[in-house]
């Protein structure tokens, strides 16, 4: 007797529920910091380096989470790890709203990163597993999971600028508490197990040699180091050139909304992701979006930048999971996804503090955006040389 194949709507529903984890951990937990940062920096008298340090700490937590996710998944199951990581992110948002102490805020950002990595790496492996029920649509289903952070970006973009405007300078902590409340509601569907939520095999996973994918890993490292300047400082950039709450909200929401188009824009590219061509194409588009603000500050140009950057941003991450799915056996997926995430984590750990120091030294955010766009461009060119893994 053959096993019943889940219907397409059922698979889509499972993936959409699963996508709430990165919506919370990344879309809100990771990236809402950029929206609150200008007010925190003014109220708490931080330098750009101090502001960048909190994102470095967050990225360090993400790196630590990526290092242990595969092991925890073998022991407790993929979905249990996704749920635990999501809960940790909600708790960290609450902590951010309850203290102005720099050390406590660093701990909260560390916890956010750790929880987000658990949810994202385990969630990605689980999304691949669910997508295998319909191999012909697996790339599309996988893209739905990676479009999840767009929801968190849109929600935080609709909330943070207007809360800051309504309550005035120094109201950053109100934003964190409001985001914690919303994320608590978003997390509710994840409290009930979804199908295909069993753990990965407890046997030793297949080996994932690093040498055959060295170019790919370097490219993904550069993506991690390069994207973070744009996502950390662009709201401050928009504000510095006169953008009010509506402009900041619109810019941020455009990034998140364009991520929703990723499954349809990139599914054909992702399906041919045996080598590095998919990452090269998508990362190249991401670099173009990051470079656009360097050519002017008009609302149209900034809006176009947000759309182009956003439609490619999470698709770059999806391309790495598609690469893993197409080149490795299922028992190696969690380990392989963890490896590329660790490399990405190292890149985004170094990125914030470096670009923060550059901005302090030059007294300009423009220099940070130059470094960001150049780093992404180099990563795109390198990815094109990655061959399929034999």
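Some observations on this one:
- Residue list for the stretch 200-236, filter: at pLDDT below 80 and out of contact with any helix residue (DSSP H, G or I) (no Cβ under 6 Å at 6 or more places or on another chain): 203, 204, 207
- Residues considered: 156, 139, 171, 184. Of these, the only one that is out of contact with any strand residue (DSSP E or B) (no Cβ under 9 Å at 6 or more places or on another chain), buried (at least 19 other Cβ atoms within 10 Å of the Cβ) and at pLDDT 80 or above is 156.
The values are calculated or read from the model by the stated rules, or taken from the named source; none is laboratory data. Just so you know, these numbers come straight off a predicted model, no measurement behind them. Using ideal geometry, Cβ is built from the backbone for each residue, glycine included, and neighbour counts are taken over all protein chains shown.
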